[in-house]
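Accompanying notes for the structure given below.
What follows draws every value from the coordinates through simple rules; no lab data is involved. Just so we're clear, the structure is a prediction, and the values are computed from it rather than from any experiment. As a convention, Cβ positions derive from the backbone with ideal geometry for all residues, glycine included, and neighbour counts pool all protein chains shown.
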């Protein structure tokens with residue numbers, strides 16, 4: 001049976017319309033996310049902060065009909081993370097994550113605590129999956145990486161309101177270099193808990209922002 005009148009075939013048109021349901025449809029929601037991503041990339045290109053070719057590529061691919069929504073739903077069900085499914089929907093060069101129900105046992109006090117957590121794909125597993133080498137150097141900075149991929153990362157981090165990352169220090173960023181020519185450097189992001197999209201209760205705002213995790217700063221270059 002339907003959970004509410006809005007889900008009911010019999011009653012739903014009493015409280016809405018096909019046009020209104022289309023506005024709030026999941027496909028429309030994801031398309032709006034992609035529209036924001038494309039608009040941000042275009043603006044950054046106009047300001048000379050990202051390559052124009054990268055912005056055009058993002059705009060070309062920012063279409064919901066190119067996204068596997070069923071796969072996004074499956075990943076959300078296994079991660080409970082609203083951000084990772086979108087990252088993995090737009091690029092294969094991203095970490096896979098699964099939700100886990102963790103049991104912590106304190107053997108000294110014979111105490112047991114159960115918490116939700118997650119399991120993230122290892123650097124080694126990701127490198128094997130995308131056929132790339134891991135780069136462990138700390139002297140890689142954003143302009144040295146693949147411009148199209150770096151634009152995607154920087155604009156995405158801006159979209160979700162996250163400044164807690166750094167290519168130079170490899171902070172919440174892992175560097176990979178595909179084995180196939182021309183062997184570009186890829187700065188793969190992870191750990192979005194300080195973003196406004198996740199809004200973790202322990203997250204703190206970046207310097208210069210008074211409102212917790214809700215203001216945005218373009219951290220790419």
Rounded if a/c under 1.5, otherwise prolate or oblate - the range 31-124, Cα gyration tensor axes: prolate
Choice from 119, 34, 185 showing the highest fluctuation, given a GNM over the chain with Cα pairs closer than 10 Å: 119
From the coordinates shown, percent of Cα pairs over 26 Å apart corresponds to which of (i) 30; (ii) 46; (iii) 38: (ii)
Residue of 18, 184, 51 that the Gaussian network model of the chain assigns the largest fluctuation, springs spanning Cα pairs under 10 Å: 18
Separation of alpha-carbon centers, the range 16-41 and the range 54-79, rounded to whole Å: 13 Å
Contact order relative to length of the chain, as percent, for alpha carbon pairs under 8 angstrom and 6 or more apart: 16 percent
Most mobile of 201, 82, 178 in a GNM of the chain (Cα contacts under 10 Å): 201
Least to most buried among 50, 36 (fewest other Cβ within 10 Å first): 36, 50
Helix-only mean residue ellipticity at 222 nm for the chain, each DSSP H run of n ≥ 4 adding -39500 (n - 2.57), per residue, nearest 500: -10500 deg cm²/dmol
Burial ordering of 56, 32, fewest other beta-carbon atoms within 10 Å first: 32, 56
Per-residue Cβ neighbour rank within 10 angstrom, fewest leading, 194, 118: 118, 194
